[in-house]
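Here the structure is laid out as structure tokens; the discussion comes afterwards.
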Ligand SMILES: C[S@@+](CC[C@H](N)C(=O)[O-])C[C@H]1O[C@@H](n2cnc3c(N)ncnc32)[C@H](O)[C@@H]1O
């Protein structure tokens, strides 16, 4: 970077030796530049600041007063003459001086200090408004509030509302008024409509009234009203910044062209300073930002501040003339730009004719203005932005260095009051009228360099702009883009659209709706497909950046939704101190983590029993009671809960914060529309798969028949919510529930955030009826930082996938089901003579034939089944087998050995059979079979005699 050239010349060679500097408003009357240049600490006297130090208004410095008099040529002259009403120099921050009516009126009409002017005008306006309010009796309308979300852009306002009622005989009447012209437009929207866009003019204010009325008699059902200023959305603001980045010229090495400075200055007519001195206790008060710049910017009329400049002449001297006035206040740059206490924001980029301006807002950290800017404007890094850049001191006693871009005009808008004694004053030449236009100049709306929508141009950002935006977060991107400009236009459009969507999504919590999320994700998917079709490094890089952005955004959104959910739980008296919801690594949604240790037996979650969502709760809710009364049919618990989750509205429901934390989709085959061929599935999952398919299709058909407004997809989602989250609870019988198959399910918010781990689980859940609560207890000690698990059951991976949509890498629940016909076949292969009598006993014993991954050898029930098949005729006659099978006596050694021998043959045969099957199975289910092979391997291995160390030695 070339920052330093010629800086010293300003100190050494003041181009205007006649110009004067002084500190007329200073309390301490000290002199000299506020900040000495680190390289030239003692060279400040050359510009004459030490010569004229005192206040001209108290006649202590004749020279200065004469000097100022030369510039006196304004209509406020009389304020500068000693008058009876002029107060003595007031004590700082003392009471405001009294003004007579004449003075006040003159000030209102002519004041040069906008703070003074706007203050008085505002008070006047407020008085008028209060009077008007008193005159108009408040109109009370009996209507419920309509919920409307507004999406505000500089040239478009989008309104989206939620239907206030399920009634169809309604319509919406939208009245919007352009406040300035009073032009009113009325439009009607049908009952099906839920949004409407309005083309507007940037910076203008519109009043919108959205009324939902009954179609026949016009009765007002719900209403909403708001005044909206058409202003930049956050994404537009960022695009403007990108335009500004593009405008900034850069040197050979890519760095922006900047020069060093150490003071900021503000030029105003002398009367301006006089008024502050006489009427404002020497405090230059910040005042409301005028209408200069882009009409849609987010600071005009919104924040208060004072403009300063740092721009120097080409020879790096301070300017000696200004269109804004004949007195220049000069202050130490560190006072305004100290990055330890200030935040920097980009606020505007515009031109009036040819000069381009960028407005940088400087706020004291955490001030009210800072909070506003943080929300609305784009924050800049003081150390790396190309407009006002700071370089930290190199050692402990060093000073900050300041650089300003000289390829455009940087306006520094400081949002605090400033005392005059902080500065030094210099007389300069006023060019033009000596003052800026009151209210501000209109910007040039035709300039394509600084307008987002110059006339005649498409309202689409360019690829370069998009790439710039991304380059902001990934500096390598810009380099890649410069190299490769061959970008397919369709792909570019997709990317640009996505950038817009992503930026818009960042606006506010209001936008975090399910719908927008879905749109966004669809857009991302579209983008990823488009990028795959056009494999260029540029696109891949842009796509990666956007994907990262979307992921980050989603994370922020999830955190927000979670916060609301926690608030909701606490308000309902859920107790879960020492726990937090976090997203564990991997793809398993949320989980619950301990933020402190819990001892064994401690309840870690407790909630009132009436908060369990079970069939009784649902059928007693007025909405569902009415619905069920109409259909005159009792539903089963699973059907009732599915109906509940199908109907509840994400925004309106009393469970809204809970509904929002529920997964939007599930990874189960049923949800993904995968239809396995039953014959390709291992036996352990076959029945469950058939039953599940039937249940989903039956419930879906039934609910759609009873409630035609429900769709299959909605029911499918709701069924999954219930099926993956419900817990066993013994519910009381309820007259309006069909409990012919029992009623043992409930969905329990928060508790249903616990994930499954059959090995590590520390949480056991139970309904404590006597205490009227549902709790989760620590069954063993839980350490701080651990995820808290429960056990959903000893399920193998096929079952976990089909029922819950996940699998475990080392699942001890893996098992092989050996039904009776398979058992008989295997027994025959092993040489067992199985008679009809054996089969009948087997049926009566009815022990399950399972092999488990955890078993050290075949289970007791499998061994017993084999034992039954080895019984002789006489042992089975007259029920004698019962005594043998259920006896506590140890099994005869001979028999035991025989069982082992037979089982070994049977299981080896089983393993071979499973391996053969695995080979023939379609790819998507092969893993299920492989898991079965592993279980067989474990069982077979248990028969192999362990080799002793001596045998090992001999073999080797
Ligand atoms: C009762 S919910 C548990 C909370 C859930 N993770 C969430 O985000 O809301 C059950 C669901 O959690 C996920 N899940 C539970 N345990 C898991 C595990 N060990 N690994 C992966 N996903 C798991 C599955 O998606 C399952 O359908």
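Only the coordinates and a few stated rules stand behind these numbers; no lab work does. Fair warning: this is a prediction, and the values are worked out from it, not measured in the lab. Neighbour counts are summed over all protein chains in view; Cβ atoms, including those assigned to glycine, are modelled from backbone coordinates with ideal geometry.
Key figures
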| item | result |
| --- | --- |
| Additional length obtainable on full extension of the chain from residue 825 to residue 181, 0.36 nm per residue less Cα span | 222.6 nm |
| Cα→Cβ-extended label distance, 7 Å offset, between residue 375 and residue 941, nm | 6.2 |
| Residues residue 620 and residue 193, FRET efficiency given R0 of 41 Å [Cβ-Cβ distance, rounded to 0.05] | 0.75 |
| Net length gained if the chain between residue 891 and residue 394 were fully extended (0.36 nm per residue, minus Cα distance) | 170.3 nm |
| Per-selection Kirkwood Rh - the range 229-285 (Cα, Å, 1 d.p.) | 15.8 |
| The range 695-829: proportion of alpha-carbon pairs further apart than 19 angstrom, % | 67 |
| Cα-projected label distance for residue 656 with residue 555, points at 7 Å along beta-carbon direction, nm | 2.8 |
| Cα coordinate range in the range 338-449, projected on the principal axes (Å, largest first) | 46, 36, 30 |
| Length-normalised contact order for the range 612-804 - Cα pairs under 8 Å, 6+ apart - percent | 26 |
| P(r) of the range 532-679 over all Cα-Cα pairs, binned every 10 Å from zero, in whole percent | 8, 24, 29, 23, 11, 4, 0 |
| Alpha carbon centroid spacing (whole Å) that separates the range 264-287 from the range 174-250 | 39 |
| For the range 266-415, Kirkwood radius (reciprocal of mean inverse C-alpha pair distance, Å) | 16.4 |
| Residue 735/residue 429 FRET efficiency (R0 60 Å; Cβ-Cβ; nearest 0.05) | 0.05 |
| Inter-part distance where the range 729-807 and the range 362-436 are each reduced to a Cα centre, Å | 59 |
| Fully extended contour minus Cα-Cα distance, from residue 687 to residue 577, at 0.36 nm per residue | 35.4 nm |
| Pair residue 445, residue 934: separation of 7 Å Cα→Cβ label points (nm) | 6.8 |
| Mean shadow area of the range 612-804 over all directions, Cα convex hull, nm² | 12.6 |
| The range 192-265: translational diffusion in µm²/s, Stokes-Einstein, Kirkwood Rh over Cα pairs, 20 °C, 1.002 mPa s | 122 |
| Convex hull of Cα atoms in the range 716-762, direction-averaged projection (nm²) | 4.7 |
| Cα coordinate range in the range 815-941, projected on the principal axes (Å, largest first) | 51, 28, 22 |
| For a label point 7 Å along the Cα-to-beta-carbon line of residue 383, residues of the range 335-359 with backbone N under 16 Å | 338-344 |
| Shape category assigned to the range 183-320 from the gyration tensor of Cα positions, a/c cut at 1.5 | oblate |
